[in-house]
Every structure is written in C-alpha cells, then in structure tokens.
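So the structure is just underneath, and the comments pick up after that.
Please treat every number below as a calculation from the coordinates, not as lab data. Because the structure is a prediction, the values reported are computed rather than measured. Here the Cβ positions follow ideal geometry from the backbone for every residue, glycine too, while neighbour counts run over all protein chains shown.
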Amino acid sequence: MTDDPIRVLVVDDHPVFRDGLCALLEAFEDLTVVGRSGCGAAAAELAHALRPDVAVLDLGLPDVSGCEAAQRIRARAPRVGLIALTLADDDASVFAALRAGMRGYLLKDADAGRVAQAVRTVASGAAFFGPAVAERLSGFFAAAPGAAAFPELTAGERAVLDLMAAGLSNPEIARRLIVSPKTVRNRISCIFAKLRVPDRAHAIVRAREAGMGRLRSAR
C-alpha cells in the first residue's frame, strides 16, 4: 500500500452530475480524478490510457450501456475496479452490473462519504454495495433454493453451493460472486464440514436434491 492517491475515472453523460461527482471525489485527499467522460464508448480507451484504479460509471449512458462500457474496460484494462453509480435499483440492473464485472453498486442518492468509501473499498480489491442493493442481494440469496434445507450454511456458503450445483467451476464462482478464489475455497471447505460430505460431488448431489443449482437462469 502506497501513499499515492487513488486514481478515479468518472463516466456519466450528465455534465452537471459528472462535474459535481468529480468535485466531490477531489475533496478527499486520498482520491484524485484522472479522467472524465460522458461517452461509454470512450471509457475503455481512457481506462487503457490513464490506468485509473477505479472507474465509476453510470449505467444509463446514451451510446453504449454502462455494463457494455464495463466489459470493454475489463478487456482493455482488467486491473481497473468498476463501480456502478446509477438511478437504477431493479434486480435486472443489479445483476447485469455484477455480470459485467462491477465490484461496487451505489444509487445516485448516496452521500459523499459513502461514494468515497466505495471507491476505496473497490480499489483495495473488495466489493462494496449500497444499503438498498446489499439488502436486495442478501434477500435474493436467502430466498434461494436450499435456504430452508441447509440453515447451517451462511448466505455466502449457500450462494457458492448453489453455483456449484449449477455446474460452475471455482474461478467461475469467484467471478460471479465477485470474491477471491481463496474465499470460494474457504466457503467450500465450510460447506463440506457443515454438510458432512467428503467431496464436491457429494455436496452437489445434496444440493440438487434440495432443489439448488437453478441460478444459471440469472446469468
């Protein structure tokens, strides 16, 4: 960890909001805005050229969607952490952003401190979600098949087990849940211990018997 400020790219097509967000971020000594754009199509080129630590993107861009812009950034500058800052709080938008590789999701009514916290968190390699989005995700996984069958599992462990039952590999699960491969391995070890199964195959059988493995439809 260095003392250099976190470098941020801001992509939003509303000039007043974009300029205000840049000013907000610049007010924090540990954050600096290195680029800004109102065009999603230009975001990947800017990310490649400027090498920010984090890109903050609106989802409702006029040329290409924020999710498409995020995918292009990942292809051109895979080390850049991605945050959605948007008005959209519906399930489809949230999960589309996660599939596009976003590690943060905030609504535009978030206060300055929360936005700065999200940038710092995503820059560190972790994920950050606003309260409403975090509650939505928790509710989704808590309501997933198998929640009643395996009450001893945490929501995170159920999410991993569900994706295992859907046939995903560990790296695919890590990308889907936006966690590290080590976290996936740790959760799988906990699943084996709590379900008292010797290996992955037996865990998958138990999960499918409980109706799990259906999250493929959300991809």
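Worth a mention:
- Farthest positive-ward along the chain dipole, Cα basis, beta-carbon charges - from CYS39, ALA193, PRO131: ALA193
- The DSSP beta bridges internal to the chain are antiparallel in roughly 0% of cases.
- Close amide-amide hydrogen proximity is noted between PHE128 and GLY104, TYR105, each under 5 Å apart and 5 or more residues distant or on a separate chain (H modeled in the peptide plane; Pro and chain starts excluded).
- Total charge dipole magnitude, the stretch 6-130, about the Cα centre, Cβ charges on Lys, Arg, Asp, Glu only, Debye to nearest 20: 560
- Highest-fluctuation residue, LEU195, LEU177, LEU106 considered, GNM on the chain with Cα pairs under 10 Å: LEU195
- What the phi angles of the stretch 97-104 give under the Karplus curve with 6.51, -1.76 and 1.60, with θ = phi - 60°, is a coupling list of 5, 5, 5, 6, x, 5, 9, x Hz, glycine and proline written as x.
- A crude spin-label estimate for the pair HIS48 and ARG79, with each label 7 Å from Cα along the Cβ direction, gives 1.7 nm.
- Close amide H contacts of LEU85 (hydrogens built in the peptide plane, cut-off under 5 Å, sequence separation of 5 or more or a different chain): LEU57, ASP58, LEU59, LEU106.
- Charge tally in the Cβ shell below 12 Å around ARG76, where Lys, Arg are +1 and Asp, Glu are -1, ARG76 excluded: +3
- If R0 is 22 Å, the Cβ-Cβ spacing of ASP199 and ALA126 corresponds to a FRET efficiency of close to 0.15.
- Long-range HN-HN contacts of LEU31 with modeled amide H, under 5 Å: ILE6
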